[in-house]
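Reviewing the structure listed below.
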Amino acid sequence: MKDNHDLLNKILLGIIAGLLLVILIGTIVGLVEKKKNTPEALISQGKAVSLMAPSDTDEVTYFELGTIRISTAQADSAEGGTIMILSPWLAYPAGDTVLYEELSRKSGSIKGIFQTYFSARTKNQLLTETEERIVQIIMEEINADLALGKVSDIYFTDYLFLE
């Protein structure tokens, strides 16, 4: 009877060790795959371009919203939307600390404006639209939401479609 319990315990320990090994390998593979699609990896592979961050001047300062990850609209019902990575910078008059504070306070809703705009359009629609037109539409929506000043321009340091 004791031999049966020892055998059963060895089998159970083997199964548990096997499951832990599968989980560990799956986690490692998942982390490696995730790192392949970062903007930095795509840029190093030559599949994407990152522009230099705009620099502040005496007339203009820039507010960085950080990286925004968006799923574009579906091109057809068979496929999902394309993942898009954006890093927008908002230009505003230098020294306007009141507007800076408002931009900081409303950064979540401003990111939502970008999310709404890009998620409502397919990859092909976005590729055929000019950057000037996209910036104009988004800037009008952002400025309509601001009460203490206006954004004068929008720049993108990352504007990537992930395959």
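The values are calculated or read from the model by the stated rules, or taken from the named source; none is laboratory data. Here the structure is a predicted model, which means the values were calculated and not measured. Backbone-built Cβ (ideal geometry, glycine too); neighbour counts: all protein chains shown. Accessible surface areas use protein heavy atoms only, side chains included; no ligands, DNA or RNA. Shrake-Rupley method; radii C 1.70, N 1.55, O 1.52, S 1.80 Å.
For region 111-135, a tally of residues being aliphatic (A, V, I, L, M) and open to solvent by 50 Å² or more (accessible area, probe 1.4 Å) returns 2.
Filtering region 55-110 to residues that are small (Gly, Ala, Ser), within 22 Å of Phe161 (Cβ to Cβ) and open to solvent by less than 10 Å² (accessible area, probe 1.4 Å) leaves only Ser87.
Residues of region 96-150 that are within 20 Å of Ile85 (Cβ to Cβ) and of a type in the set (Lys, Arg): Lys111, Arg121, Lys123. Could you check, for region 45-54, whether at least one of its residues is modelled with pLDDT of 75 or more and open to solvent by less than 60 Å² (accessible area, probe 1.4 Å)? Looking for residues that are modelled with pLDDT of 75 or more and open to solvent by less than 60 Å² (accessible area, probe 1.4 Å), one finds none in region 45-54, hence no. Checked against (1) assigned to a helix (DSSP H, G or I); (2) at pLDDT below 90; (3) of a type in the set (S, T, N, Q); (4) within 18 Å of the chain's Cα centre (by Cα), Gln74 passes all but condition (1).
Scanning region 136-146 finds no residues that are open to solvent by 20 Å² or more (accessible area, probe 1.4 Å), over 16 Å from Ser104 (Cα atoms) and assigned to a loop (DSSP other than H, G, I, E, B). Here Leu24, Leu31 are screened, and the one residue that is at pLDDT 75 or above, more than 30 Å from Ser152 (Cβ to Cβ) and either open to solvent by 70 Å² or more (accessible area, probe 1.4 Å) or not in a loop (DSSP other than H, G, I, E, B) (or both) is Leu24.
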